[in-house]
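The values are calculated or read from the model by the stated rules, or taken from the named source; none is laboratory data. Values in this document were obtained by computation on a predicted structure and should not be read as measured data. Cβ: placed from backbone, ideal geometry, glycine included. Neighbour counts: every protein chain shown. Heavy atoms of the whole protein, side chains included, go into the accessibility calculation; ligands, DNA and RNA do not. Shrake-Rupley method; radii C 1.70, N 1.55, O 1.52, S 1.80 Å.
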Amino acid sequence: MDEVLLRSLTPSVIGILVRRGADFAAAEDAVQDALVAAVRAWPAGAPRDPKGWLVTAAWRRFLDATRADAARRRREGVAEEEPPPEPGPAVDDTLLLYFLCAHPSLTPSSAVALTLRAVGGLTTRQIARAYLVPEATMAQRISRAKRTVSGVRFDRPGDVATVLRVLYLVFNEGYSGDVDLAAEAIRLARQLAAAVDHPEAAGLLALMLLHHARRAARTASDGSLVPLAEQDRGRWDTGAITEGVAVLQAALARDRLGEFQAQAAIAALHADARSADETDWVQIVGWYDELVRLTDNPVVRLNRAVAVGEADGPRAGLAALAALEESFPGSAGTEHPVPRHAAVAAYLHERDGDLAAAARLYTEAARKATNLAERDHLTRQAARLNARRML
């Protein structure tokens, strides 16, 4: 079973059902049923036209559900007859569906959650991690969103800002390795940047290109993580870097700064350094200051603490970290609400020479890691420091 093929076809099939008259919630349910049928039927022999097969199967399930519903009389115009099997049209509805899910009847957070689940193919757990909320909370949010749009015709697209946030979260999931959606997010970001007059669309595309350029160097041959400072910069994709910098410069020239442009500027400064030692950390701190002004996001402030530690020394970085901790007065003695907090604290304490505290914090960070590669990397860091302390 080609799961990548099924994932790539899903948005288009949903879009076809929506254009035929199905509301989004009903279309998504019907397509999920069709995917289950495909998983059962295709191993015995995949159809020559997979999209057409899915469209036909999903439409049948939509009609069955419609005819069984008490509102059948009001929807006879939709369910008059089943269209004959036909090749799926060569139309990419994915970007359109991202816009449609950013519907005015939904809050931005609900629109993001629904789009990631229904169109992006992410699990509820992955979406919850991206949003820094418990899985049960995210499950309730998605259920409420589907109830809200049940019966709503998606004839008014939502705003660009929500679509950008969706693409950003999809790219981050793909980049983490849990779900390989990074290339798809870049493809959609290209379409969005070409279709709308919005500098943040260009900023997001630049950010994705600059991060994706380093992907080959992020892991060693055994699958272990390679920190940015230790990466082989000869493995970075110079073509993607060149394109990303050009897209960013054009966006910045419009003098309408947003958070994605600021993040891309930081990524460009990393890409511009020929070695880790040549990184312009002072400029990076300046861009993080802009990001804090734009978002006041705790994760941004955590990353800023690392940059301050590199620019002004580990004591300054620890002071910036302490200022962040003051924003969460109830977190003392409990799990810190900001991801990677323990890992950053460990790094700064190690640079400051406090190996005992650093080893303890690396161990704590490993326990909280969300994927195996990150957990193994942090565990090795703790073991390395413990071995040094015993010498």
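Can you find a residue that is of a type outside the set (A, V, I, L, M, F, W, C), under 18 Å from the mean Cα position of the chain (by Cα) and either in a helix (DSSP H, G or I) or closer than 26 Å to residue 344 by Cβ (or both) anywhere in region 227-242? Checked region 227-242: no residue is of a type outside the set (A, V, I, L, M, F, W, C), under 18 Å from the mean Cα position of the chain (by Cα) and either in a helix (DSSP H, G or I) or closer than 26 Å to residue 344 by Cβ (or both). Within region 191-209, residues that are surrounded by fewer than 22 Cβ atoms within 10 Å (Cβ to Cβ) reach partners that are modelled with pLDDT under 90 with beta carbons closer than 6 Å, at six or more positions or on different chains, in the pairs 191/95; 196/160; 198/160.
The one condition from (1) within 25 Å of residue 98 (Cβ to Cβ); (2) open to solvent by less than 50 Å² (accessible area, probe 1.4 Å); (3) modelled with pLDDT of 95 or more that residue 257 does not meet is (2).
For region 273-285, what are the residues that are within 22 Å of residue 246 (Cβ to Cβ) and at pLDDT 95 or above?
Step one: filter region 273-285 for residues within 22 Å of residue 246 (Cβ to Cβ), giving 273-274, 278-280, 283-284.
Hits for region 273-285 are 273, 278, 279, 280, 283, 284.
Residue pairs whose Cβ atoms lie under 7 Å apart, sitting 6 or more positions apart in sequence or on different chains, and linking a residue in region 376-391 that is under 23 Å from residue 223 (Cα atoms) to a partner that is open to solvent by less than 60 Å² (accessible area, probe 1.4 Å) and charged (D, E, K, R), are 385/350.
Of the residues 308, 245, which single one is open to solvent by 40 Å² or more (accessible area, probe 1.4 Å) and either farther than 24 Å from residue 131 by Cβ or of a type in the set (Gly, Ala, Ser) (or both)?
Details: 308 fails: open to solvent by 40 Å² or more (accessible area, probe 1.4 Å).
Exactly one residue qualifies, and that residue is 245.
Residues in region 55-62: is at least one at pLDDT 80 or above and of a type in the set (D, E, K, R)? Taking every residue of region 55-62 in turn, at least one turns out to be at pLDDT 80 or above and of a type in the set (D, E, K, R).
Looking across region 118-153, the residues that are β-branched (Val, Ile, Thr), open to solvent by 40 Å² or more (accessible area, probe 1.4 Å) and not in a loop (DSSP other than H, G, I, E, B) come down to 137, 148.
In this structure, residue 237 does not qualify as outside the structural domain of residue 324 (by TED's automatic domain parsing) and at pLDDT below 95.
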